[in-house]
1. Would you mention how many residues in the range 311-331 are out of contact with any Phe, Trp or Tyr (no Cβ under 6 Å at 6 or more places or on another chain) and at pLDDT 90 or above?
2. Please enumerate the residues belonging to the range 53-78 that are outside any helix (DSSP H, G or I), closer than 28 Å to Arg108 by Cβ and either without any contact (Cβ under 8 Å) to a residue 24 or more places away in the chain or of a type in the set (Gly, Ala, Ser) (or both).
3. Among the listed residues Asn199, Asn189, identify the single one that is closer than 18 Å to Gly152 by Cα, out of contact with any strand residue (DSSP E or B) (no Cβ under 8 Å at 6 or more places or on another chain), at pLDDT below 85 and not aliphatic (A, V, I, L, M).
4. Specify the residue that is nearest to ligand 1 (Cβ to nearest atom); the eligible residues are those in the range 149-178 that are touching a His at 6+ places or on another chain (Cβ under 9 Å) and not in a helix (DSSP H, G or I).
5. Assess whether Ser49 counts as being of a type in the set (S, T, N, Q), within 16 Å of ligand 1 (Cβ to nearest atom) and either in a strand (DSSP E or B) or at negative phi (or both).
6. Going by what's in this entry, would Asp119 be described as in contact with a strand residue (DSSP E or B) (Cβ under 9 Å, 6 or more places away or on another chain) and not in a helix (DSSP H, G or I)?
7. Being crowded, with 24+ Cβ neighbours inside 10 Å, among the polar types (S, T, N, Q) and either under 20 Å from the mean Cα position of the chain (by Cα) or in a loop (DSSP other than H, G, I, E, B) (or both) narrows it down to one residue among Ser145, Ser181; which is it?
8. Give the residue, chosen from Ala81, Ala130, Ala111, that is assigned to a loop (DSSP other than H, G, I, E, B) and crowded, with 19+ Cβ neighbours inside 10 Å.
Amino acid sequence: MEPWLIALITILCCVTLPMVFLKLYILLTARWNYSPVCLVGKTAIVTGSNIGIGYYTALDFAKRGAKVILACRNAAKAEEAKLKIIEATGNNNVIVKIVDLSSLSSVRTFAKDVNETEDRLDILVNNAGAGCTDHCYTADGLSMSMQINHFGPFLLTMLLIDLLKKSAPSRIVTVSSSAASVGRINVNNLNAPSRIFTNMFDYANVKLCNLLFTVELAQKLVGTGVTANVLHPGMVKSDFLKDTPTFVTKLISIAMKLFYKSTEAGAQTSVYVAISKDLKGVSGKYFAECAYTTLPRLAEDRALAKVLWNKSEEFVKLTVDEKQNYPFTIK
Ligand SMILES: *[C@@H]1O[C@H](CO)[C@@H](O)[C@H](O)[C@H]1NC(C)=O
Ligand SMILES: *[C@@H]1O[C@H](CO)[C@@H](O)[C@H](O)[C@H]1NC(C)=O
């Protein structure tokens, strides 16, 4: 056989076929949420909802008649998303409130505003996240990646729990990622980046924090009528790596464009976990493709979860007053 022919066949077998299978796999396993749930009279907050999965999650809630609070950092982009949602759904009850998860004071201001102006909160979707790679620190002295993906949402949830509890049955939904299964947490070094392959592993680590946080939160919320669940949205086209142009992230971005599912498809599990009647009272569980999935072993380490919890309280400087809003007696 001609050498060029052999080369061609090799490329076909080793590169193209796996790609085709990956594409088929992603297409065939993507599930849609068909829960016929009406949300009139309910209020939902979705963080990072001006774009991507968050946008389609907010859009879905608005279609169902909910009051939707778009909790975003960029006012102009959020207003634009709001108008699009109102136009698409005819639901005028969509509002923008500004929050920057990389700032503890911004989260506190946001939570205070919501707590004072809203009578109820039925759904909180901790959707916003970022695949930061620069190991920069925020004005609060926290690792940017940890603060946006874990400390910020942790504080936000703590400060809104009172309102969620008053509105029970209510749900807290946190968007993690299957990347969490390769995450490792060094509790003595929570605020520092990992040393190996830094960026991707940092992302895995913060996403593991989302899982541990949810498992512990669900335990603490037993008996309050508030549930906490976490999910992997699937392999979704997203621009969360756009600020981190390294060789690896560029390759991933190209793969995303070619193979990953749409952001609308990516919002399905968030919506399912937030509203499905099948999940009444279900808490502390992990979902993917609108179904239960298994937590990675490390995420079930309750001792680790408790340490992470306590350290998170310290890092976000939770005050005694703020702790008084805890729904649970501090055990
Ligand atoms: C929320 O408001 C209630 C009173 O309506 C208050 O008791 C509580 O401390 C507030 N919580 C936060 C986190 O501001
Ligand atoms: C966490 O903090 C609480 C008190 O705030 C304490 O009782 C508990 O022992 C701590 N747990 C761990 C694992 O550090």
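The values are calculated or read from the model by the stated rules, or taken from the named source; none is laboratory data. Note that the structure is predicted; figures quoted are calculated from it, not measured. When we count neighbours, we look across all protein chains shown, and the Cβ atoms used for this are built from the backbone with ideal geometry, even at glycine.
1. Going through the range 311-331 one residue at a time, the tally reaches 6.
2. Listed by number, the residues that qualify are Ala66, Ala71.
3. Exactly one of Asn199, Asn189 is closer than 18 Å to Gly152 by Cα, out of contact with any strand residue (DSSP E or B) (no Cβ under 8 Å at 6 or more places or on another chain), at pLDDT below 85 and not aliphatic (A, V, I, L, M), namely Asn189.
4. Val175
5. no
6. In short, yes.
7. Sole residue among the options that is crowded, with 24+ Cβ neighbours inside 10 Å, among the polar types (S, T, N, Q) and either under 20 Å from the mean Cα position of the chain (by Cα) or in a loop (DSSP other than H, G, I, E, B) (or both): Ser145.
8. Ala130
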